[in-house]
Amino acid sequence: MQKFLIIQTAFIGDVVLATALIEKLHQHFPDAQIDFLLRKGNESLLSGHPFLHETLIWDKKKNKYRNLWKLLRLIPKREYDKVINVQRFAATGLLTAFSGAKETIGFDKNPWSFLFSKKIKHVIGERGNSIHETYRNLELIKDLTDAVPVMPRLYPSSNDEVFVKKYKTAAYITVSPASVWFTKQFPKEKWIEFINAVPASYAVYLLGAPDDAALAEEIKNTTTHASVVNLCGQLSFLQSAALMKDAQMNYVNDSAPMHFASAVNAPVTAIYCSTLPSFGFGPLSDKKFIVETEEKLDCRPCGLHGRKACPLGHFNCAYTIKVAQLLNTLPATN
């Protein structure tokens, strides 16, 4: 029996996209043991995953380097056949290089890649030449499997489905208004304007983490829509995905909830402010829409990732997006 370890200790959305590796490895090695290393706080994403043997956890907030040292001692004891590192950072490169695995695979941009058995060129897409992060990741195991792309996937449990059933009694949409990065977040007043224009026949569920609850509550209390429910911090990752799955539409920023939608093939409208879909992190659902400013802005994009503030102070990449663009992706209700 082959033993694989996948390493992705970055943020929530990155873990979701890396689940495509689990799907592909299981397709080709159905009897293999597949383990996954992620950062503490993200482990519930993979709770009950049918193809995973074990989830290893790195606590990066408390005693980060002491815990890294523990992993450096633990991983070789597992005697993995192959360690597949999705990340390009030194710490996970160190874990990979000294894993003791028969084969170590990662991207060439990792500082420790010179010690990997196999390193794959990492390419960021440009306008008109987009490479999705999911497919970039799958390049790491193409020689072990094949070149056919697969979707990332999350597996909400039956208990997750039961928990959110009470919210599915009428037609609804979800809105995930927050982002870790300011320049990735559609402005609060624009969300309010949009929700005010949503037909009353739709319930509106606001999704997010506990830290997003205050923003969502302000949106809820300001909008004139009669049926807005703030669920930020009240649902787990997998419960949120279960709710998104049956929504008429899910409205998200360029952030983790977009990847939740992809991983359960839920309809999604992704709003891009400072970033571009061509960076490779766009929605993958069968029913997907991308909304971005229709104006030509020389300052956009202002970077590969989001920023804490607009470098020029105007945030035109967000404020010039019209609410009508969002409404155009909303299905009509009876």
- Among 110, 137, which is more than 19 Å from the chain's Cα centre (by Cα), modelled with pLDDT of 95 or more and open to solvent by less than 10 Å² (accessible area, probe 1.4 Å)? 110
- Determine if segment 320-328 includes at least one residue that is over 15 Å from the mean Cα position of the chain (by Cα), polar (S, T, N, Q), under 17 Å from residue 173 (Cα atoms) and surrounded by fewer than 21 Cβ atoms within 10 Å (Cβ to Cβ). yes
- Message: Suppose we keep only residues that are farther than 17 Å from residue 18 by Cβ and in a helix (DSSP H, G or I) within segment 140-161. Which one would you say is most open to solvent (accessible area, probe 1.4 Å)?
- Response: 159
- Task: Starting from segment 6-17, keep only residues that are more than 12 Å from residue 36 (Cβ to Cβ), then list their pairs with residues that are part of a helix (DSSP H, G or I) and hydroxyl-bearing (Ser, Thr, Tyr) whose Cβ atoms are within a distance under 7 Å, requiring at least 6 positions of separation or different chains.
- Result: 17/134
- Report whether or not residue 164 is in a loop (DSSP other than H, G, I, E, B), surrounded by 15 or more Cβ atoms within 10 Å (Cβ to Cβ) and of a type in the set (Val, Ile, Thr). no
- Task: Quick one: count up the residues across segment 278-299 that are of a type outside the set (Ser, Thr, Tyr) and buried (at least 18 other Cβ atoms within 10 Å of the Cβ).
- Result: 10
- Message: Can you list residue pairs whose Cβ atoms sit under 7 Å apart, with the first residue in segment 31-51 being more than 21 Å from residue 67 (Cβ to Cβ) and among the charged types (D, E, K, R) and the second being in a loop (DSSP other than H, G, I, E, B) and open to solvent by 40 Å² or more (accessible area, probe 1.4 Å)? Count only pairs 6 or more apart in sequence or on different chains.
- Response: 31/1
- Message: If I ask for residues that are open to solvent by 70 Å² or more (accessible area, probe 1.4 Å), of a type in the set (D, E, K, R) and either touching a strand residue (DSSP E or B) at 6+ places or on another chain (Cβ under 9 Å) or at positive phi (or both), which ones from segment 46-63 would you list?
- Response: 61
- Residues (closer than 20 Å to residue 95 by Cβ, of a type in the set (S, T, N, Q) and open to solvent by 10 Å² or more (accessible area, probe 1.4 Å)) located in segment 1-41: 2, 33
- State whether one or more residues within segment 305-326 are under 28 Å from residue 200 (Cβ atoms) and free of Cβ contacts under 8 Å to residues at least 24 places away in the same chain. yes
- Filtered residue count, segment 64-82, keeping only those that are surrounded by 13 or more Cβ atoms within 10 Å (Cβ to Cβ) and in contact with a Lys or Arg (Cβ under 9 Å, 6 or more places away or on another chain): 6
- Message: Taking the condition of being part of a helix (DSSP H, G or I), closer than 15 Å to residue 207 by Cβ and of a type in the set (Val, Ile, Thr), how many residues in segment 167-190 meet it?
- Response: 0
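The values are calculated or read from the model by the stated rules, or taken from the named source; none is laboratory data. Because the structure is a prediction, the values reported are computed rather than measured. Every residue, glycine among them, receives a Cβ derived from its backbone with ideal geometry; neighbour counts consider all protein chains shown. The accessibility values were calculated without ligands, DNA or RNA, using every heavy atom of the protein model including side chains. Shrake-Rupley method; radii C 1.70, N 1.55, O 1.52, S 1.80 Å.
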